[in-house]
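The values are calculated or read from the model by the stated rules, or taken from the named source; none is laboratory data. Note that the coordinates shown come from a computational prediction; the quantities given were computed from them, not determined experimentally. Cβ: placed from backbone, ideal geometry, glycine included. Neighbour counts: every protein chain shown. Keep in mind that these areas ignore ligands, DNA and RNA; they rest on the heavy atoms of the full protein, side chains included. Shrake-Rupley method; radii C 1.70, N 1.55, O 1.52, S 1.80 Å.
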Amino acid sequence: GVRVNYYSDIGKTINNRLALVSDEAYNLTAKLMYGSAFRPPVFNELYIINNPVAIGTATLKPETMQTTEAALSWQATPKLQLGINIFHYEMSNIIQLVNLNYMNTGKQIGNGLEFESTWDVMPLVRLSGNYSYQKSNDDATHHDAGNSPQHHGYVRADWRFMPGWAVNTQLNVVGTRQRLLGDIRAPLAGYNMVDFTLRTDNAIKHWDFTASVRNLFDVNAREPAPASIPNDFPMPGRSFYLQAVYKF
């Protein structure tokens, strides 16, 4: 596949993707994939002029990334499916602030793997999850690229406990995140967050309902922020959601 984008301010970008898929056995599929992607500069990175600490540059080019992946998908049993993916990526023309100006500078290289599994424990119970590991470095400084966890895990359990009714619980595990080079703060701690959802599926004529609790244990989870925000960005605490859908 080939994708062509044209922007009136930054011009044209061309990105492609290629995949080779092989059925190695009746229950084993292998894939080799390559793709490229881009991120165009946003308005303030191009044109902002009245911010004393961040000045736009109208000649910015899009950030680009090339990714190569190798994957295996194995239907181990009728109830158990396993998958593994190994990847390598390179980012170029990264848009960063340099001497108060947005510039295309730097290169980032990363490698990692992902593992995923789905298991139908019983006819009405399914367990699924994935784990990923990645190591990304700034090519110029050989320092950790920062702000992303090396380890990330996710586990989910679904149970249809009666016709038209189901519950699911999910656990999101985010590992420690290193800081950007020059940020003297300690690495940002990871967190474990649990969500719980009860939902109906045609249990009541024309109506479906969903009730959710997110961040069930009210974990103090935070996402990376610039050094100017020393305590980082707080994630929402315990939150409740209700949804009703009427079908006609």
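Among the residues of segment 183-203, those identified as farther than 30 Å from Tyr241 by Cα and either β-branched (Val, Ile, Thr) or free of Cβ contacts under 8 Å to residues at least 40 places away in the same chain (or both) are Ile184, Ala186, Pro187. Being within 17 Å of the chain's Cα centre (by Cα), of a type outside the set (Lys, Arg) and open to solvent by 40 Å² or more (accessible area, probe 1.4 Å) is the requirement here; does Phe115 meet it? Against the criterion (within 17 Å of the chain's Cα centre (by Cα), of a type outside the set (Lys, Arg) and open to solvent by 40 Å² or more (accessible area, probe 1.4 Å)), Phe115 qualifies. Scanning segment 232-245 for residues that are in contact (Cβ under 8 Å) with a residue 12 or more places away in the chain and either loosely packed, with under 14 Cβ neighbours inside 10 Å or over 25 Å from the mean Cα position of the chain (by Cα) (or both) yields Pro234, Pro236, Gly237, Arg238, Ser239, Phe240, Tyr241, Leu242, Gln243, Ala244, Val245. The requirement of being basic (Lys, Arg), part of a strand (DSSP E or B) and under 26 Å from the mean Cα position of the chain (by Cα) is fulfilled somewhere in segment 30-47, by at least one residue. None of Leu97, Leu60, Leu124 is at negative phi, in contact (Cβ under 8 Å) with a residue 40 or more places away in the chain and either exposed (fewer than 15 other Cβ atoms within 10 Å of the Cβ) or among the basic types (Lys, Arg) (or both) except Leu97. Asn137 meets all of the listed conditions (1) open to solvent by 40 Å² or more (accessible area, probe 1.4 Å); (2) under 29 Å from Asn93 (Cα atoms); (3) assigned to a strand (DSSP E or B); (4) free of Cβ contacts under 8 Å to residues at least 24 places away in the same chain but one, namely (4). Checked against the criterion of being open to solvent by less than 60 Å² (accessible area, probe 1.4 Å), assigned to a loop (DSSP other than H, G, I, E, B) and in contact with a Leu (Cβ under 8 Å, 6 or more places away or on another chain), segment 175-193 has at least one qualifying residue. Considering segment 144-174, and only residues there that are among the polar types (S, T, N, Q) and assigned to a loop (DSSP other than H, G, I, E, B), the residue that is nearest to Trp207 (Cα to Cα) turns out to be Ser148.
Among the residues of segment 195-212, are any of a type in the set (Lys, Arg), at pLDDT below 95, more than 16 Å from the chain's Cα centre (by Cα) and open to solvent by less than 30 Å² (accessible area, probe 1.4 Å)? Among the residues of segment 195-212, not one is of a type in the set (Lys, Arg), at pLDDT below 95, more than 16 Å from the chain's Cα centre (by Cα) and open to solvent by less than 30 Å² (accessible area, probe 1.4 Å), which makes the answer no.
Can Gly83 be described as open to solvent by less than 40 Å² (accessible area, probe 1.4 Å), in contact with a strand residue (DSSP E or B) (Cβ under 8 Å, 6 or more places away or on another chain) and either touching a residue at least 40 places away in the same chain (Cβ under 8 Å) or outside any loop (DSSP other than H, G, I, E, B) (or both)? Considered against the rule, which asks whether it is open to solvent by less than 40 Å² (accessible area, probe 1.4 Å), in contact with a strand residue (DSSP E or B) (Cβ under 8 Å, 6 or more places away or on another chain) and either touching a residue at least 40 places away in the same chain (Cβ under 8 Å) or outside any loop (DSSP other than H, G, I, E, B) (or both), Gly83 comes out as yes. Residues that are under 22 Å from the mean Cα position of the chain (by Cα), part of a strand (DSSP E or B) and more than 30 Å from Tyr154 (Cα to Cα) occur in segment 8-15; there is at least one.
Figure legend. Inter-residue proximity from segment 208-231: first residues acidic (Asp, Glu), second residues at pLDDT 95 or above and in a loop (DSSP other than H, G, I, E, B), beta-carbon distance below 6 Å, spacing 6+ or different chains. Indicated pairs: Asp218/Gly237; Asp218/Arg238. Screening segment 100-111 for residues that are open to solvent by 60 Å² or more (accessible area, probe 1.4 Å) and either more than 18 Å from Ala140 (Cα to Cα) or not in a strand (DSSP E or B) (or both) and picking the one that is modelled with the highest pLDDT gives Lys107.
If you go through segment 225-248 and pick out every residue that is over 17 Å from Asp201 (Cα atoms), in a strand (DSSP E or B) and of a type outside the set (Phe, Trp, Tyr), you end up with 2. Consider segment 30-43 and keep the residues that are touching a Gly at 6+ places or on another chain (Cβ under 9 Å) and crowded, with 16+ Cβ neighbours inside 10 Å. The one that is modelled with the lowest pLDDT is Pro41.
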